[in-house]
């Protein structure tokens, strides 16, 4: 089920499938990727309770072994309940059930809130531990942003001068500190080239900046992403498709490591949430006109 949010020149569309914001238009211009299946059917999915792939499609939570073949966890393909909706805000909730427990052994309530304004929109993820002991998870966003023509007409502009490595994953989507990309993020800008994504996603995990801009070089239009609260930023566009969008993905987590034990507790950037407690994190997108 889809709902439309509206405020002045801004319009958003949200969907109970994945609790996802699937459109944000400002003055008639679309900023969120449309989901054209020629390139990628997603828009801005949530990644929960893990990001990227699992090693050998399984992971251990204590003594419990769980299997999952799909990347990025089950939440993005789950039906959420619309629990709040106004003209400008929608809140979706997913509660643990038999289906989720087959892949993830914890009881939880996951909410996704989207709020639009004439300046942009904000997405907030909240996890409540409804079980009796600690729960652990990774979480992230995967927002895709439309570009006018080619991503090569755009560049990334960081809030602070950067000096950090980029990493890629292997053919099984596994991560290693040895998988350093040939280019680094240096100073304030990073040009976008389709050929850089032949290795698939590029992962940055040591950024000083909490904001990054996707800017068209000719006129300065685009979006600004505020990803404060996230430890990792992932850049992605489908390899070798010349797609008219790029994803700027804020993550708390990393893909499975090539040498990991298979225990979830060994995952970098994972969140440990005590029983009865809540954890919230989100990102904000501002339109650059």
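Ranked highest first by average number of other Cβ atoms within 10 Å, how do 222-229, 14-21, 2-9 line up? Display every interim value, and only then the final one.
Working: 222-229: 20.0, 14-21: 23.5, 2-9: 13.9.
Those peptides, ordered most packed to least, come out 14-21, 222-229, 2-9.
Express the C-alpha Rg of the chain as a ratio against the empirical globular expectation 2.2 N^0.38 Å, rounded to two decimals.
Here the answer is 0.97, to two decimals.
Out of the DSSP beta bridges found with both residues in the chain, what percent are antiparallel (nearest 5)?
Working: 92 of 94 bridges.
Taking every DSSP beta bridge with both residues in the chain, the antiparallel ones total about 100 percent.
Looking only at 263, 27, 252, which one moves most when the chain is put into a Gaussian network model with springs between Cα atoms under 10 Å?
Looking only at 263, 27, 252, the biggest GNM fluctuation is shown by 27.
Using a Gaussian network model of the chain whose springs link C-alpha atoms within less than 10 Å, name the residue from 251, 40, 236 with the highest mean-square fluctuation.
Among 251, 40, 236, the largest mean-square fluctuation in the Gaussian network model of the chain belongs to 40.
Take each of the peptides 199-205, 45-51, average the number of other beta-carbon atoms within 10 Å over its residues, and list them starting from the highest.
Values: 199-205: 19.0, 45-51: 25.7.
Result, highest mean first: 45-51, 199-205.
Of the listed peptides 167-173, 113-119, what is their order by residue-averaged count of other C-beta atoms within 10 Å, with the highest listed first?
Details: 167-173: 16.0, 113-119: 19.1.
Put in order of decreasing packing, that is 113-119, 167-173.
Could you give the Stokes-Einstein D for the stretch 89-144 in µm² per second, using the C-alpha Kirkwood radius, 37 °C, 0.692 mPa s? Write down the numbers at each step before the final one.
Details: Rh = 12.9 Å.
Result for D is 254 µm²/s.
Could you work out Rg/(2.2 N^0.38 Å) for the stretch 66-174, with Rg from alpha carbons only?
Working: Rg = 18.0 Å, N = 109, 2.2 N^0.38 = 13.1 Å.
That ratio works out to 1.38.
Going by C-beta contacts inside 10 Å, put 210, 76, 101 in order with the fewest on the left. The partial results should precede the final answer.
On the way: 210 16, 76 19, 101 13.
The order, fewest Cβ neighbours first, is 101, 210, 76.
Would you list the P(r) distribution for the stretch 1-138, with all Cα-Cα distances sorted into 10 Å bins from 0 and each bin expressed as a whole %?
Percent of Cα pairs in each bin: 12, 39, 31, 15, 4, 0.
Bear in mind these aren't lab numbers, they're just calculated from the coordinates by the rules spelled out. Predicted, not measured: the structure shown is a model, and the values here were computed from it. Virtual Cβ from ideal backbone geometry, glycine too; neighbours counted across all protein chains shown.
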